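Only the coordinates and a few stated rules stand behind these numbers; no lab work does. The structure displayed is predicted, hence computed values, not measured ones. Note that we place each Cβ from the backbone using ideal geometry, even for glycine, and neighbour counts take in every protein chain shown.
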Amino acid sequence: MTKSNSGLFFEHFHVGMMLRHATPKTLTEGDVALYTALTGSRYALYSSDAFARDGDLDGAPIDPLLVFHTVFGKTVPDISLNAVANLGYAYGRFLAPVFPGDTLCAISEVIGVKENTDGKTGIVYVRTTGLNQHGEVILSYVRWVMVNKADPAAPAPKPVVPDLPDYVPAEDLPTPTPAWSKNYDQQLAGSPFGFEDFQIGECIDHIDGMTVEEAEHQLATRLYQNTAKVHFNALVQAQSRHGKRLIYGGVVISLARSLAFNGLANAAEILAINGGRHIKPLFAGDTIYAWSEVLDKAMLNQGQGALRLRLIATKNVSAHAYPGVDHPDAILEFDYWAAIPLRSSMVD
Amino acid sequence: MTKSNSGLFFEHFHVGMMLRHATPKTLTEGDVALYTALTGSRYALYSSDAFARDGDLDGAPIDPLLVFHTVFGKTVPDISLNAVANLGYAYGRFLAPVFPGDTLCAISEVIGVKENTDGKTGIVYVRTTGLNQHGEVILSYVRWVMVNKADPAAPAPKPVVPDLPDYVPAEDLPTPTPAWSKNYDQQLAGSPFGFEDFQIGECIDHIDGMTVEEAEHQLATRLYQNTAKVHFNALVQAQSRHGKRLIYGGVVISLARSLAFNGLANAAEILAINGGRHIKPLFAGDTIYAWSEVLDKAMLNQGQGALRLRLIATKNVSAHAYPGVDHPDAILEFDYWAAIPLRSSMVD
Amino acid sequence: MTKSNSGLFFEHFHVGMMLRHATPKTLTEGDVALYTALTGSRYALYSSDAFARDGDLDGAPIDPLLVFHTVFGKTVPDISLNAVANLGYAYGRFLAPVFPGDTLCAISEVIGVKENTDGKTGIVYVRTTGLNQHGEVILSYVRWVMVNKADPAAPAPKPVVPDLPDYVPAEDLPTPTPAWSKNYDQQLAGSPFGFEDFQIGECIDHIDGMTVEEAEHQLATRLYQNTAKVHFNALVQAQSRHGKRLIYGGVVISLARSLAFNGLANAAEILAINGGRHIKPLFAGDTIYAWSEVLDKAMLNQGQGALRLRLIATKNVSAHAYPGVDHPDAILEFDYWAAIPLRSSMVD
């Protein structure tokens, strides 16, 4: 009996199946430093213990995207080792903050399966739950992936496609982690713009571009203990359609969010992921740019509101002209809610 | 008098010489995060404080290979700055666990010298001891290296070749660090296979391949404070036989062990190094694969047994066909003992 | 109103202007591990808690250069986003040690402006102060940069050029952080040479060379949260005079100081920066070498003296022949004071 894991194929998944994923990981200040070095993130809430203490916390929490990638990474050996494509995300919510020293693990439930008409692949829908060492749910999200069949002759399952909301309604948003009350230091945070300053429909160019190296995305993807082969094996990838290693989509999301600091410095905390789509792959040597559109606004408690933001990333073309998802160089559409302080919570 | 260190040459070593190495290093959660990012290691014992606490520990210990590379790194400026080749290891034992916050230093005793017939080089044998801040021995091993002579006319010393065991006998193995008793969570660990499931002679293909970049091996080797010139100086190496930078052998060992998770997830803790051989160099751009053979088995205490494993790494060729040490693309043979829980220590 | 920051241009600066910089950063053991991996630094004081405790400290402080780059990084979005060149540093003093867990922020005062005769650029002088979470000044230095004008027609300001000392006089040097008294372990530190062993005028070749990769300098510069575009955007830089990304000058300083361990292992603590000049840019693929000259000596307290050192770095040429600042391959001149134990503070 082989002792290596070759991953599950489409016909191995069935609705209701529960997968308890391997390798719990304790997130530490080491992971945080690497995340900064790999993304250039500058959101003050995640960079400074002192700043977080102003928001009634004991110290800086861990960036929700680092939490997301860590939980996601756990699921790869079970869910997507034989995936053709990561198709989408829905109804993701960050339900409790994570601090250095917390240990994360993940479970997934299969909530949908649908064979494709080619008979060689199918779509698997899973709801993944991330938990901390106390068993508290810290993250929940749905994703769907296209997975190869091991045996094309395996019979197609009864199709089950879950009914997924287009976005997380404002009333379902988690409470922001920090509480601000006339003590949010906008100068330290890097922007004077609060909740009231953003208009629905407004677009923001994040200006800067960042070129990605093979070593950088490999380091990041290994830090997340994500084992998907397409990111690491240049030898096999040379024979693939793209001819080279693909950069993990989570790396793209984090780089775009890091660029988004320039314009959205106060919208530090991601509360929910409404949806996301990796339109095209990013490769080493490419330069990533990003812009954002304000899709919606909602009042929250703790001196904050929430912005629903659509983050668009492109490669090798500046975002200055706001290239849309149909632009040939668009690579990412990421729809999320972020908390942002009210102007009344801010001090100059 | 020059204040820079050019390292010792063969004629400077004599049997009985004691070398107390410089730059003690405190290993921290930062080193652990980098080790994960650089290798992709996923062994639960070293990834999760919560998992380690199930094994009666206060938190996750530090991966023995990170300990080994750190101790080894200390010895380089004294032992192998002028080495032609790192020839082998013997009788390595991890005698006490290392936890974040511990400070390691190293001493070496020269236990053998033998000039080569060419008169230009010789072999130096050292026993290196790693100690923590309390003076406890945490690691002991023998290695031998081929070192250049500064002056070819220097007389050959009386040859002394230590009698080294082929492997660490089972009765000399250290006690495993965690203690398991019906509480080893095989799902979190990533494999259902315990001590009883492995047969002597069994071979395991670790399947995945990983392509290495210059930045990655340089970061790793600097993290270990290993200063051997051949890893860092492209300008000088362009004039060498290989024409490029060599990857430190410890990087190769760690990458192969990280790949070995897929099949040996429960054999997390390396207790002893029986021997090792860097058959050929690995270069940036190469893709490393690995497979393992079970050489022997031994019962231990603490709910565990030990597997004696031979780890073979290749470059640019899959390990699927179990290429042996004589295969033209074999680069590493590494013989070690690892602890593995008994099935009776495991819960589903 | 645009919410992105495009940085200040020359005509926006005026003498007396105070800039409070964004994104405080808590320095942790994660940053320390990355700094070691990125530079190869081996100074025992910054590598080992146990060694630092011998010097009456609670644990290892953070390398002053990591502190410098972190404070410097904070200033970039306000001071030098539109800089043409970083021209120089003066009167930098490390006024209090920084330990893991401390949070740094920075403020700058504009102390000089002078338009260039071309009418398109000008020189801005700032005094930057780094503070910890208690509001204590941990670092103060002056730097001047050449900054583009947004509008060439903007009138030239009245020129103000501050009177800057050529170096920090010995009587202005801060007290060294550790206190040594017959307990400085020279073997662990890596060199037997104390204060008395260095002569004014003496030159030291640091021997080794290190080749730099794109991923390495980008990781370092992002770790310092330095956002200067020229380091990250290959697409835009391809159109620049150099045709490629420039390596942040702070990376050059740190690599040269790391190489300087070989010869100056006991001169670990930088107390003051007298001046510095980035003579030529370093690019990925280049190999950096370094040598030092002892410019001056001064007695201090705490069992130590100070050496005033001039550190010269070159690219792609060994420092063996002590290439001077006029050598075509010289890239850095860095003039600083470092503490070094007296021989009477050392034990063998």
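Note down the net charge around residue A:7, summing +1 for each Lys or Arg and -1 for each Asp or Glu among other residues with Cβ under 13 Å from its Cβ. Residues close to residue A:7 contribute a combined charge of -1. Near residue C:341, once Lys and Arg are set to +1 and Asp and Glu to -1 for all other residues with Cβ below 14 Å from its Cβ, the sum equals -4. Other residues with beta-carbon under 14 Å from the beta-carbon of residue A:295 carry, at +1 per Lys or Arg and -1 per Asp or Glu, a net charge of -3. Restriction of the trypsin sites (Lys or Arg not before Pro) in the stretch B:238-336 to DSSP coil positions whose beta-carbon has at most 10 other beta-carbons within 10 angstrom yields B:241. Pairs from the list A:120/A:158; C:25/C:74; C:3/C:244; B:25/C:297; B:244/B:280 with a Cα-Cα gap above 19 Å: C:3/C:244; B:25/C:297. For chain A, the 222 nm mean residue ellipticity estimated from helices alone, with every DSSP H stretch of n ≥ 4 adding -39500 (n - 2.57) and the total spread over all residues, rounds to -5500 deg cm²/dmol. Applying the criteria of a DSSP loop state and at most 15 other Cβ atoms within 10 Å to the trypsin sites (Lys or Arg not before Pro) of the stretch A:103-204 yields A:120, A:182. Overall, the ratio between the Cα radius of gyration of chain B and 2.2 N^0.38 Å, rounded to two decimals, is 0.98.
The share of alpha-carbon pairs in the stretch B:182-246 lying farther apart than 14 Å comes to 74%. Projecting 7 Å from Cα along the Cα-to-Cβ direction, the label point of residue B:321 sits 5.3, 5.3 nm from its equivalents in the other copies, listed shortest first. The fraction of Cα-Cα pairs per 5 angstrom bin, counted from 0 for the stretch C:171-216, comes to 4, 10, 14, 18, 18, 15, 11, 8, 1 percent, rounded to whole percents.
Volume per residue of the convex hull around the Cα atoms, evaluated for the stretch C:169-348, comes out as 123 Å³. Between the stretch A:171-191 and the stretch A:204-271, what's the alpha-carbon centroid distance in Å? Answer, in whole Å: 27. In the protein assembly as shown, the DSSP beta bridges split such that about 95 percent are antiparallel, to the nearest 5. Spatial offset of the stretch B:45-104 relative to the stretch C:97-151 amounts to 42 Å, using the alpha carbon center of each. Computed over chain C with a Gaussian network model linking Cα atoms closer than 10 Å, the most mobile of C:30, C:190, C:209 is C:30.
Across the protein assembly as shown, Cα-Cα distances exceeding 38 Å account for 47% of all pairs. Distances between equivalent label points of residue B:134 across the copies, with each point positioned 7 Å along Cα→Cβ, amount to 3.1, 3.1 nm, shortest listed first. Each copy carries residue B:301; placing its label point 7 Å along the C-beta direction from Cα gives inter-copy distances of 5.4, 5.4 nm, listed from smallest up. Its relative contact order, with pairs defined as Cα atoms under 8 Å and 6+ residues apart, puts the stretch B:50-195 at 28 percent.
Contact order, relative form, for the stretch B:38-113: 29 percent (alpha carbon pairs under 8 Å, 6 or more residues apart, mean separation divided by residue count).
Per residue, the average separation of C-alpha pairs within less than 8 Å and at least 6 apart gives the stretch A:173-264 a relative contact order of 31 percent. From largest to smallest, the equivalent ellipsoid semi-axes obtained for the stretch B:253-332 from the alpha-carbon gyration tensor read 25, 12, 11 Å.
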